[in-house]
Amino acid sequence: MSKESNTPVVEKTANVAAENIKAFVAGGFGGVCAVLVGHPFDLTKTRLQTAPPGTYTGAIDVVKKALARDGVTGMYRGIVPPLIGVTPIFAVSFWAYDASKQLIYALTPKRESTSLSTAELATAGFLSAIPSTAITAPVERAKVLLQVQGQGGSEQKYKGVTDVIKHLYKEGGLKSIYRGSGATLMRDGPGSAAYFAAYEVTKKALTPAGSSPSDLNLGAVVFAGGMAGVAMWAIAIPPDVIKSRIQSAPNGTYSGFMDCARKTIAQDGATALWKGLGPAMARAFPANAATFLGVEASRKLLDSWF
């Protein structure tokens, strides 16, 4: 085969690699935006989900007690793990989403439409959660432990994220650090399917006839991103409750996802699986609007440079 005949293949491979890198970088920047906007809501949600019955009367009570105890900085307790982990988590998630869409195109060479269906977008979203869970699970474990310490007058066991990781590794090695990985995937698989599909569908609905979704203004991107967050958390709360309880409980409390679900319902009723819905939904729109604003803005900047 001649050198000239290889050129299109090389160029195509280089283009795919460049797009993957852009998705990776843009996703990481979007994740930082999400954490800065959404962490106080996330802390409130986690404390509601893990506190013993009667500790708080609701989300506002969590905020009041956090402010009274630690001031404004108390609302950002546990932010270091997600800030450290969020760049690779979101970077991997958005990269994997783009790669999964490319995989779907490759597996359907005779497709009639160049646009992916809602089901295909959801499939790509679900697949994106698989590699990102490897990073998400330990970050969530450390974050949850930092967020719940001190509530109800309990002792401050950990000094920071490094201290958490040291304690967990000493306690049970990597198995302890990665506790709750299955529950994390149970949350993020369906959640990511809803997340990315809702974003793409909303963008398409907002696109005028004859235009492309890529031409939408930032206001439309913000709205579509917010709706993506709402769609995700509408279905992700029950597995998120179980994940938080597994990750914050003492060793041996639960044997797995289903055991935690059964014990949670037996002890606190089925409504316990929806604890934290208010803060999660309050966070969903602004945090994910910020995510996609960061992703799209940085992607446009990267496209103009490369």
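All of the numbers you see were taken from the coordinates with simple rules; none came from a lab. Only a predicted model underlies this, so the values are computations on that prediction, with no experimental measurement involved. Cβ atoms come from the backbone with ideal geometry, glycine included; neighbour counts cover every protein chain shown.
Arranged from highest to lowest average of other beta-carbon atoms within 10 Å per residue, in what order do the peptides 209-218, 297-306 appear?
Result, highest mean first: 297-306, 209-218.
With +1 on each Lys and Arg Cβ and -1 on each Asp and Glu Cβ, how big is the dipole of the chain about its Cα centre, in debye rounded to the nearest 20?
Result for the chain is approximately 780 debye, rounded to the nearest 20.
Tally Lys/Arg at +1 and Asp/Glu at -1 over every other residue whose Cβ is under 14 Å from the Cβ of Val295; what's the total?
-1
Using the Karplus curve 6.51 cos²θ - 1.76 cosθ + 1.60 with θ = phi - 60°, work out ³J(HN,Hα) for each residue of segment 286-296 in order, rounded to whole Hz, and write x for Gly and Pro.
With coefficients 6.51, -1.76 and 1.60, one gets x, 5, 7, 4, 5, 4, 6, 4, x, 5, 5 Hz.
For the chain, set up a Gaussian network in which alpha carbons nearer than 10 Å are linked by springs, and say which option among Gly58, Gly78, Gly180 fluctuates the most.
Fluctuation is largest for Gly58.
Of the listed pairs Lys22/Lys143; Lys203/Lys263; Lys275/Lys300; Lys166/Lys243; Lys64/Lys204, which have alpha-carbon separations greater than 30 Å here?
Pairs exceeding 30 Å: Lys203/Lys263; Lys275/Lys300; Lys64/Lys204.
Past the 30 angstrom mark, what percentage of all C-alpha to C-alpha distances in the chain do you count?
Beyond 30 Å sits 35 percent of the P(r) for the chain.
Quick one: grab the alpha carbon gyration tensor of segment 177-306, order the square roots of its eigenvalues as a ≥ b ≥ c, and give me rounded if a/c is under 1.5, else prolate or oblate depending on whether a/b is larger than b/c.
The shape class here is prolate.
If you filter segment 45-152 for GluC sites (Glu not before Pro), then keep DSSP loop positions with at most 14 other Cβ within 10 Å, what is left?
Taking segment 45-152 and a limit of 14 other Cβ atoms within 10 Å, the loop GluC sites (Glu not before Pro) found are Glu112.
Name the residue, out of Thr264, Thr133, Thr46, whose mean-square fluctuation peaks in a Gaussian network model built on the chain with Cα pairs under 10 Å.
Among Thr264, Thr133, Thr46, the largest mean-square fluctuation in the Gaussian network model of the chain belongs to Thr264.
By per-residue mean of other Cβ atoms within 10 Å, what is the highest-first order of 222-231, 162-171?
By packing density, highest mean first, the sequence is 222-231, 162-171.
Based on the Cβ-Cβ distance of Ala297 and Thr57, what FRET efficiency does E = 1/(1 + (r/R0)^6) give at R0 = 41 Å, to the nearest 0.05?
The formula returns an efficiency of 0.55 here.
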